[in-house]
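Engineer: Here's a structure for you.
Just so you know, all these numbers are worked out from the coordinates, no wet-lab data involved. Note that this is a predicted model, so its numbers are computed, not measured. Counting neighbours? That spans all protein chains shown, and the Cβs are built from the backbone with ideal geometry, glycine included.
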Amino acid sequence: IFNFRQDGPHHLALVVGDVVQVLCETEDWYYGCTKYKNTRGIFPKAYTHVVPQSHYTEGLVHEITSVLREWGHHWKHLYV
């Protein structure tokens, strides 16, 4: 829901839209790792919204990400 800055050595900086795998939780905090940056740390529950993982959604996200990466390469080749 909100960006979270890394204020401490064990905090995980998050930007709205980051995909995070939650590995452990306490009353107010999660411990997890980002899916694509492969970094780990703690972050407050109040800054997040948990969405249950779905195999359908996972495949769709992977397909969209692949297409956007491919298009990005083509756009850079054509216009940069």
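Engineer: Once phi is turned into θ = phi - 60°, what whole-Hz ³J(HN,Hα) does the Karplus curve with 6.51, -1.76 and 1.60 give for every residue of region 64-80, x standing for Gly and Pro?
Structural biologist: 4, 4, 4, 5, 5, 5, 5, 4, x, 4, 5, 4, 4, 5, 7, 10, 10
Engineer: Still on this structure, please answer the following. For His11, enumerate residues with amide H under 5 Å from its amide H, sequence gap 5+ or separate chain, H modeled in the peptide plane.
Structural biologist: Residues meeting the criterion, in which the H sits 1.01 Å from N, are Ile42.
Engineer: Could you give me the ³J(HN,Hα) list for region 23-36, computed from phi with Karplus coefficients 6.51, -1.76, 1.60 and θ = phi - 60°, whole Hz, x at Gly and Pro?
Structural biologist: Result, ordered by residue: 9, 7, 8, 10, 4, 10, 10, 10, 10, x, 9, 6, 6, 9 Hz.
Engineer: Sequence neighbours fewer than 8 away in the same chain don't count; with that in mind, list the lysines whose C-alpha is under 25 Å from Lys45.
Structural biologist: Cross-link targets: Lys35, Lys37.
Engineer: Please sort by residue number the chymotrypsin sites (Phe, Trp or Tyr not before Pro) in the chain whose DSSP state is loop and whose Cβ has at most 12 other Cβ atoms within 10 Å.
Structural biologist: Phe2, Tyr36
Engineer: Which cross-chain or sequence-distant (5 or more) residues have an amide H under 5 Å from the amide H of Tyr30, H modelled 1.01 Å from N in plane?
Structural biologist: Phe43, Lys45
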